[in-house]
Amino acid sequence: MKKKLIAGNWKMNGSLAANEGLVTALRAGLGVPNCHVALCVPSVYLPQMQALVAGSSIDLGAQDVSQHESGAFTGEVSGNMLKEFGVHYCIVGHSERREYHFETDALVAAKTQRALACGITPIVCVGETLAEREAGKTEEVVKRQLAAVIHANGHCISEIVVAYEPVWAIGTGKTASTEQAQQVHAVLRAQLKAASPQADRIHILYGGSMNAANAAQLLAQPDIDGGLVGGASLKAPDFLSIIASAL
Ligand code: PGA
């Protein structure tokens, strides 16, 4: 069985002092984890974080990447730049970027392509809003979002990580039930299997108010291969407890 992946998404949180305190506490409590562990941090902190996680089992991640290789794109950060700081993972198409930065399925697919071209594993986020769930459109929405990425990335698709994050569960304290989450994960797995004979090796993470209390049950589902953790990744004891429940 593949090892699970627990990735923290710090979003726009942190400071030089806070990062040092958090990583020091995580390293002290981590031991030899049973799962892969990653921290997706604001880009400006990558040099600091590269030093802080050196020699540990924590991999470094970014939260976004430009779809362009280089050039006149003010404010953007390229995949090659991220790679220079030891970045292993990059979140792509998080619902906050889809909503506040108007990222489309096509743009998310292009960013996924760029990350892969730079040797970075994209964590591609998909998920429905509350209105979409209530309209019975959950499957249609997540399949559409993933189809764009599959279409643009062809045979490389087994190199990605997928994160199912129901938008209504992010930062709200409302977690999808284990049944709701597993059901969508199974749909995504089937879609990936139809696209690649190696789909079983793809990690499909659950994200949306995962915490120390609900992680074990979610992570016990057959198609939930890990978690993308926001709020709870900012507190060392909570994040360590989630990591410990990823068997
Ligand atoms: P949350 O965020 O755990 O705070 O709900 C998850 C995410 O947005 O990746």
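Structure above, values below:
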{"read-out": "Normalised convex hull volume, segment 5-245, alpha-carbon set, Å³ per residue", "value": "116 Å³"}
{"read-out": "Range of Cα positions in segment 27-166 per principal axis (Å), largest first", "value": "47, 40, 31"}
{"read-out": "Mean Cα-pair separation over length for the chain, i.e. relative contact order, pairs under 8 Å, 6 or more apart, %", "value": "22 percent"}
{"read-out": "PHE73 - accessible surface, heavy atoms, 1.4 Å probe, Å² rounded to 10", "value": "80 Å²"}
{"read-out": "Value of relative contact order over segment 181-233, rounded to a whole percent, pairs C-alpha under 8 Å and six or more apart", "value": "40 percent"}
{"read-out": "Within the accessible area of the chain (1.4 Å probe), percent carbon and sulfur", "value": "55 percent"}
{"read-out": "Under-5 Å amide H pairs with VAL92, H placed in peptide plane, nonlocal only", "value": "ILE123, VAL124, CYS125"}
{"read-out": "Accessible-area order (highest first, 1.4 angstrom probe) of the listed residues MET81, MET1", "value": "MET1, MET81"}
{"read-out": "CD proxy at 222 nm, helix term only [per DSSP H run n ≥ 4: -39500 (n - 2.57); per residue of the chain; nearest 500]", "value": "-12000 deg cm²/dmol"}
{"read-out": "Spherically averaged projected area in nm², based on the convex hull that wraps the Cα atoms of segment 150-239", "value": "6.0 nm²"}
{"read-out": "Convex hull volume per residue in cubic angstrom - Cα atoms of segment 1-71", "value": "118 Å³"}
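The values are calculated or read from the model by the stated rules, or taken from the named source; none is laboratory data. Remember, it's a predicted structure, so these values are computed and weren't measured experimentally. Heavy atoms of the whole protein, side chains included, go into the accessibility calculation; ligands, DNA and RNA do not. Shrake-Rupley method; radii C 1.70, N 1.55, O 1.52, S 1.80 Å.
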